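The values are calculated or read from the model by the stated rules, or taken from the named source; none is laboratory data. Predicted model only: the values in this text are computed from it and were never measured. Methodologically, a virtual Cβ is constructed for each residue, glycine included, from the backbone with ideal geometry; neighbour enumeration extends over all protein chains shown.
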Amino acid sequence: MRLIRYFFEIIRGFCITARHFFVNIFFHILNLFGIKTKRRGAVTIQYPEQRAALASRHRSLHRMMKREDGKPRCVACMLCATVCPSECIYIEAAEEDDPDIQKYPAVFIIDLNRCCFCGFCVEACPEDAIRMDTEQIELASYDRKKLVFDIDRLLE
Amino acid sequence: MTEIIIVLVKIIFAMMWFLVLTLYLTWAERKESAVMQDRVGANRANIMGVRILGLFQPLADAIKMFFKEDFTPPFSKRFLHNLAPFISFFFSLVTVATIPFGDVLRIGGKTIRLQILDLNIAILFVFAMLSLTIYGVVISGWASNSRWTLLGGLRGAAQLISYEVALGLSLIGLVMVFPTLKFSAFVEYQGGLLFGWLPKWGIFLQPLGFLIFFIAAMAESERVPFDLPEGESEIVGFFTEYGGLKWGLYMFTDFMKLLLISCLLTTFFFGGYHLPWLYADGFHFPWGGTWLLPHGIVVLFQVLAFNLKVFFFCWMQILIRWTYPRFRYDQLMDFGWKLLIPLSLFNIIATAVILKILG
């Protein structure tokens, strides 16, 4: 009895995969002849050519926000550097003549070799000076130095 | 002289057919598994930007394989290590000599049988060659001189020898029904009709034999439900110490066996090159109609029918390979010795009794 059930299940499994094959090949053939169908034969996204839209809250490469006059919004308060768990932000503050601002970052470096893309710096920033919404996700490099982003590259 | 040329041409055609199909089975396997799993499969290989469903993938694989380092581990037994893949490859390849692709072709007064060698003992020949491929497995396990590959080789040998018994016994019923060992005669016997309408194929006369043969043959091909010898992902198999082209030969042998099993299944159980109701002069339908065809078209139909059946079985074996998980080793042995062999013995007895009753 168990043997019969076993063979029944074996055949049922075969039918499931065969059904997948025939349904998918049906849609593949329709698409091959240029017939548009609601459903596609495969769920694959052919990556470098096709890209899935990133989620709006997706954390990608950082960028520095600018004021109206083009200077960085950062006031060098060091909150991001403090909160950063991987200690990848390095800031050197300098005095600003404008009494409303008082400080600005003379050096602002994010070392992507260390960054873990947690986004804490974005949440910590009181001036909304740093954001992670550039949607740049291909950050590989042959040279570690190219992954150290200074303020000029962050402002781009 | 012309005889020799004809034989040479036949050999070249059959080898080309076999090797090219084997090459493209790798592509078919990747594509079919992809379609089954809602993926696209290999489609990036291109020549000047032309992709055609990734049909150049086997060529790209072959080029990659050729340019890989031919590495022989320093601790291995060098000669045997190099010899082993060629043993498997060669003995799988020679079996194509006995496969009948079609009936006779008559050109310019010459009668050419579309089969390289119509051996009297074709079944024994094929089984002997299949048994010899085991030596490739065992020798590679031994010559790699590593205990894990040795275990893998022995595991492979134990499995292949166990299932060879069931493989041989399952066909005895068929040999009783069609009293011959010749492949061409097998196929000719299957050209008749049962009850005046059903083609007299082996599967209708020997359904149990077909099932046992199919399962045992799949075990012989060392593919997934039965891939205990190699087991890429978990077990250390017999060709662990191989790389590059020699490893490629083992993979190629796997696919050749797949194709060979499809050929054998077609020849034994699915009427070989016969289309239902197609005779030497055209179709004679059981409901009375006839559709006479010239000789060339009939031969073409026969070859196409053979190929179609072979493709179907290749498709089915790939589907099975991508559906089922692997057996445990004791399950494998139980399945072979305690189920398939008793069933095939029962099949022989039942066939004998039925043949005796029918006279």
Residue by residue through the stretch B:239-280, note down the ones that are among the aliphatic types (A, V, I, L, M) and over 16 Å from B:Gly102 (Cβ atoms). B:Leu245, B:Leu249, B:Met251, B:Met256, B:Leu258, B:Leu259, B:Leu260, B:Ile261, B:Leu264, B:Leu265
By residue number, the members of the stretch B:46-56 that are modelled with pLDDT under 90 and more than 14 Å from every other protein chain (Cβ to nearest Cβ) are B:Ile47, B:Met48, B:Val50
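If you check A:Thr17 against the conditions, is it under 15 Å from B:Asp38 (Cβ atoms) and more than 11 Å from chain B (Cβ to nearest Cβ)?
Spelling it out, it is not the case that A:Thr17 is under 15 Å from B:Asp38 (Cβ atoms) and more than 11 Å from chain B (Cβ to nearest Cβ).
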Looking only at the stretch B:15-39, filter to residues that are of a type outside the set (D, E, K, R), buried (at least 19 other Cβ atoms within 10 Å of the Cβ) and farther than 19 Å from B:Ser221 by Cα; which one of those is farthest from the other protein chains (Cβ to nearest Cβ)? B:Ala34
Would you mind listing the helices (runs of 4 or more DSSP H) fully within the stretch B:158-229 where at least 3 residues are closer than 12 Å to B:Gly271 by Cα? B:183-189, B:202-205
Go through the stretch B:155-183 residue by residue and tally those that are of a type outside the set (A, V, I, L, M) and buried (at least 21 other Cβ atoms within 10 Å of the Cβ). 7
Matching residues in the stretch B:304-319 - criterion: being within 20 Å of B:Arg30 (Cα to Cα) and buried (at least 20 other Cβ atoms within 10 Å of the Cβ): B:Val310, B:Phe313, B:Cys314, B:Gln317, B:Ile318
Test A:Phe8 against the stated conditions and say whether it is within 11 Å of chain B (Cβ to nearest Cβ) and assigned to a helix (DSSP H, G or I). no
Restricting to the stretch B:328-354, count the residues that are exposed (fewer than 13 other Cβ atoms within 10 Å of the Cβ) and assigned to a helix (DSSP H, G or I). 6
Pick from the stretch A:21-38, criterion surrounded by 10 or more Cβ atoms within 10 Å (Cβ to Cβ) and of a type in the set (Phe, Trp, Tyr), ranking: nearest to the other protein chains (Cβ to nearest Cβ): A:Phe21
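Conditions tested, residue by residue: (1) at negative phi; (2) outside any helix (DSSP H, G or I).
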site	(1), (2)
B:Gly231	no, yes
B:Phe239	yes, yes
B:Leu245	yes, no
B:Leu249	yes, no
B:Thr253	yes, no
B:Leu265	yes, no
Single residue of the stretch B:284-331 satisfying the filter (of a type in the set (Phe, Trp, Tyr) and under 21 Å from B:Arg113 (Cα atoms)) that is farthest from the other protein chains (Cβ to nearest Cβ): B:Phe301
Within the stretch B:63-81, of all residues that are exposed (fewer than 15 other Cβ atoms within 10 Å of the Cβ) and outside any loop (DSSP other than H, G, I, E, B), the one nearest to the other protein chains (Cβ to nearest Cβ) is B:Lys64
Checking the structure you have, find out if any residue of the stretch A:57-76 is in contact with a Gly (Cβ under 6 Å, 6 or more places away or on another chain), more than 14 Å from chain B (Cβ to nearest Cβ) and touching a residue at least 60 places away in the same chain (Cβ under 8 Å). yes
Given (1) free of Cβ contacts under 8 Å to residues at least 12 places away in the same chain; (2) more than 16 Å from A:Asp152 (Cα to Cα); (3) in contact with a helix residue (DSSP H, G or I) (Cβ under 9 Å, 6 or more places away or on another chain), identify the lone condition not met by A:Pro99. (3)
Can you confirm whether the stretch B:101-121 contains a residue that is part of a helix (DSSP H, G or I) and surrounded by fewer than 22 Cβ atoms within 10 Å (Cβ to Cβ)? no
